[in-house]
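To keep things clear, I will list the structure first and then write my remarks on it.
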Amino acid sequence: MIKDFVNLRDFSGEQLVALLDRAAADKQRFTEGPLPDDLDRQVLAMIFEKPSLRTRVSFEAAMTHLGGHAIYLTRDDIGLGSREPIRDVARVLGRMCDGLVARTFSHESVEELARHSPVPVINALTDLSHPCQAMADVMTVREHFGSLQGRKVAYVGDGNNVARSLAVACAKLGMCFTAASPAGYRLDDEFVESVREIAGPACCLTTDDPAEAVAGADAVYTDTWVSMGQEEEKARRVRDFDGFQVNKLLMAAAPDQAIVLHCLPAYRDCEITDGVFEAHAETIFAQAENRLHFQRTLIHALLTDGGGE
Ligand code: CP
Ligand code: NVA
């Protein structure tokens, strides 16, 4: 049984495919009418130390769609780790709620919640990773191309939480991930090596040349240069990422049929131009919508049958 959804590495490729299949089927059923109230009277506590639009709304909407309820708790509301220890928060919420969602700065905070919570804990983004995002991303790639095996994802930008989870998801699902980042912002060697151990050296490549990364790509992906918590570094980062923008010139180096993905929020004329963003807006917002579809299936699986084991 899988209790938590904290690290993609804990799941096999087969388990991730099973979740994707189930999310696709649930999404189809949802277009045909209301889903059954399988989480009737169940409660999801959502702890957010950082802002959120997509993650918060998708989890809250998902609980409503399944007949349950979600409670939004900010850091100031509960003082995670300051008003009381994380392990006590986990034990209290675990006695009152049926699942926990947590977006924290430190990844260790979500790990600690999971260790001490008797109910499932879902990682809603940490400084280290963003697994729910990566699963909505690959769901979008699969919807567009019909398959994942052998698909190439080119990530252009910061070697951050989004990049790390996407790299692991790609490796688990038989895809090839290439990250193009400037010096100082690359995925670290130890991480890259650990991803290569999942599916071989070709599943995770790095370069400092964005044009080289996007050549042959099925999907070109970017994220903000300034993640939540890095606001004070903005001026330096914007300078350092010069040349790593997803723009018309870079897209000319990608195949014509390549899609563009962005986890959002997008900062126009930083990591992506308005022109490229709007040309690919349909896919990017379908990707955002898939946060809802994947996470609704995820909470259903975790809260009802331990992830479908
Ligand atoms: N992509 C994403 O996680 O968006 P939010 O920060 O708005 O939740
Ligand atoms: N890397 C970004 C992702 C936002 C969804 C951040 O951590 O702020």
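Table for the structure above
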read-out: Flag for GLU231 being surrounded by fewer than 14 Cβ atoms within 10 Å (Cβ to Cβ), within 20 Å of the chain's Cα centre (by Cα), at negative phi and not hydrophobic (A, V, I, L, M, F, W, C); value: no
read-out: Selection status of ASP189, over 19 Å from THR283 (Cα atoms) and surrounded by fewer than 21 Cβ atoms within 10 Å (Cβ to Cβ); value: yes
read-out: Selection from the range 264-309 of residues that are open to solvent by 10 Å² or more (accessible area, probe 1.4 Å) and within 14 Å of ligand 1 (Cβ to nearest atom); value: LEU264, PRO265, ALA266, TYR267, PHE285, ALA286, ALA288, GLU289, LEU292
read-out: Filter pass, PHE105 being over 25 Å from ARG142 (Cβ atoms), surrounded by fewer than 19 Cβ atoms within 10 Å (Cβ to Cβ) and either within 16 Å of ligand 1 (Cβ to nearest atom) or at pLDDT below 95 (or both); value: yes
read-out: Residue satisfying all of: in the range 211-238; within 23 Å of HIS144 (Cα to Cα) and touching a Phe, Trp or Tyr at 6+ places or on another chain (Cβ under 9 Å); farthest from ligand 2 (Cβ to nearest atom) among these; value: ASP218
read-out: Condition met for GLY159 (over 16 Å from the mean Cα position of the chain (by Cα), surrounded by fewer than 23 Cβ atoms within 10 Å (Cβ to Cβ) and either modelled with pLDDT of 95 or more or assigned to a helix (DSSP H, G or I) (or both)); value: no
read-out: Complete set of residues in the range 46-94 that are within 16 Å of ligand 1 (Cβ to nearest atom), within 20 Å of ALA288 (Cα to Cα) and among the hydrophobic types (A, V, I, L, M, F, W, C); value: MET46, PHE48, LEU53, VAL57, PHE59, ALA61, ALA62, MET63, ALA70
read-out: When residues of the range 131-151 are limited to those that are open to solvent by 20 Å² or more (accessible area, probe 1.4 Å) and not in a helix (DSSP H, G or I), the one nearest to VAL220 (Cα to Cα); value: ARG151
read-out: For PHE241: the one exception among (1) open to solvent by 40 Å² or more (accessible area, probe 1.4 Å); (2) within 16 Å of ligand 2 (Cβ to nearest atom); (3) not β-branched (Val, Ile, Thr); value: (1)
read-out: Candidate set from the range 42-74 (those that are part of a loop (DSSP other than H, G, I, E, B) and open to solvent by less than 50 Å² (accessible area, probe 1.4 Å)); member that is nearest to LEU264 (Cα to Cα); value: SER52
read-out: Looking only at the range 22-41, and only at residues there that are closer than 20 Å to ALA134 by Cα and not acidic (Asp, Glu), the one that is least open to solvent (accessible area, probe 1.4 Å); value: ALA23
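The values are calculated or read from the model by the stated rules, or taken from the named source; none is laboratory data. Because the structure is predicted, anything quoted here is derived from the model rather than measured. Here the Cβ is made from the backbone with ideal geometry for all residues, glycine too, and neighbour counts use every protein chain on show. What goes into the accessible areas is simple: the full protein's heavy atoms, side chains included, and nothing from ligands, DNA or RNA. Shrake-Rupley method; radii C 1.70, N 1.55, O 1.52, S 1.80 Å.
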